[in-house]
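> Here it is, the structure, as C-alpha cells.
The values are calculated or read from the model by the stated rules, or taken from the named source; none is laboratory data. In this text the structure is predicted, and so the values were computed from the model without any measurement. Using ideal geometry, Cβ is built from the backbone for each residue, glycine included, and neighbour counts are taken over all protein chains shown.
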Amino acid sequence: MNKDANSISLYPVFQSPATADFTPTVQSMDNKGIPVGITTDINNVTRHRVPDIGAFEFSICLTLTKPVVRVDNVTTSQVNFGWNAITNATGYLVSTDGINFVTPSSGATGLTHTVTGLIGGTDVNLTVVAQGTTYDCPGDTSVKVKGTTLCLQLGAGPDVKIDTVTTTSVRFSWMAVTNATAYKVSTDGLNYVTPSSGPTGLFHTITGLTAGSEVSFTVQAQGTSVNCPTATSQRLVAHLPNNKYFAPNAFTPNGNGKSDVFKIESSEIRTMRLMIFNQWGERIFESSSQQNGWDGTYKGKQQPVGVYVYVLSMTMFDGSVVNKKGTINLVR
C-alpha cells in the first residue's frame, strides 16, 4: 500500500486478541492528526491539542461581498485604482486582463493598485478579488472598472512654410508642436502619410511634379495615442515654376547657405531687369544680371522680415518677352 505525505505507521494495541476482539485501544488512535487551529468541536467541547485519527475537522467560511473598485487618479502615463475594505477578507488580488491575478502594488492587504508605464489616452481595466479565510473558502470578485490615461494637449496646428521649389519638386517644412509624438502629411486633406523625413521629422519633399503645377499641403500633429486628438495645419499651396524661369516666393538671408539670395533661375534668359520695392513703394534693389540677386539688404543694412514686391522683365532666347510682377517673403 502506498502512503501519502500525511500517512503514519503505528501498531495498534487491540482490546483482546485472545477473544478475537481486535478493536484498537483508544490510546493508539488518539492525538495522531494534524492541528488546524480549531479549538472546539461541533458540540462546542474543547478539542484535544492534536486531533484523533479519523476525526473530521471543519472550518467555517465567512461570507464576503464584492469589492467596489474606483479610479482615484489618472496621469498621462498611469492610473491609480482603489477599492473598499471587505469584511472578513484576508487579502486581495488584482488583474488587468481578468485572467492573470497578482498582488496589488500596495501589498496583499492593500486597498490600492497603480498601473504604470502607459501611453497617454490608453484604456486600462482592473478586476479585484477579495480572498476568503482559507484556500477552500470562496472569495468574491469585483466588476471590471476602466481607467483612461490623460491625453497631452496639443497646441495649434503646425506652422507650415515652403522651403524650396523647383520645376519638378517642392519641399515643405514646419515647426515642432509641443507634445506631438509624430506627424502625418497630405496633399488632398484626406489621405495622410508619413513625411519623407520620418514620423517625427519636420519637413517633407514632394518630387516628380509637373512644371507650372500647384501642390496643396497640410500637416497633422499626432497626439500621444490613437485616442488623443490631433492638430492640423492650415492648407498651404505651392506654385511650381514653368520650364522657362523660376522666381522663388520666399528666401531666408540668414547666412546658412540655403536660399540666402533672391534671384531668378533660368537657362533661357537673354536679358533681364529685376527691381525690388518695399512696402512704401521705395525701390531698394535693381539688377540686370541673372547672377546678381537680392541679399535682403538696402544701403548695407538688413531689411526687416516681411513681404516685398518685385517687378521682372525678361527677353528669352526664343525672342519671347516676359513681364511679371509678384511678391517675395523675406524670412529670417
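> Taking Thr218 as meeting all but one of (1) buried (at least 19 other Cβ atoms within 10 Å of the Cβ); (2) out of contact with any Leu (no Cβ under 6 Å at 6 or more places or on another chain); (3) part of a loop (DSSP other than H, G, I, E, B); (4) β-branched (Val, Ile, Thr), write down the number of the exception.
Here Thr218 clears every test but (3).
> Turning to a different aspect of this structure: Suppose we keep only residues that are assigned to a loop (DSSP other than H, G, I, E, B) and among the aliphatic types (A, V, I, L, M) within the range 170-215. Which one would you say is nearest to Gly120 (Cα to Cα)?
Ala180
> Within the range 221-255, how many residues turn out to be at pLDDT below 85 and in a loop (DSSP other than H, G, I, E, B)?
The qualifying residues number 10.
> Looking at the range 263-275, can you tell me whether even one residue there is in a loop (DSSP other than H, G, I, E, B), within 22 Å of Arg332 (Cα to Cα) and not assigned by TED's automatic domain parsing to the domain that holds Tyr192?
yes
> Of Val143, Val193, Val129, which residue is out of contact with any helix residue (DSSP H, G or I) (no Cβ under 9 Å at 6 or more places or on another chain) and either small (Gly, Ala, Ser) or surrounded by 15 or more Cβ atoms within 10 Å (Cβ to Cβ) (or both)?
Val129
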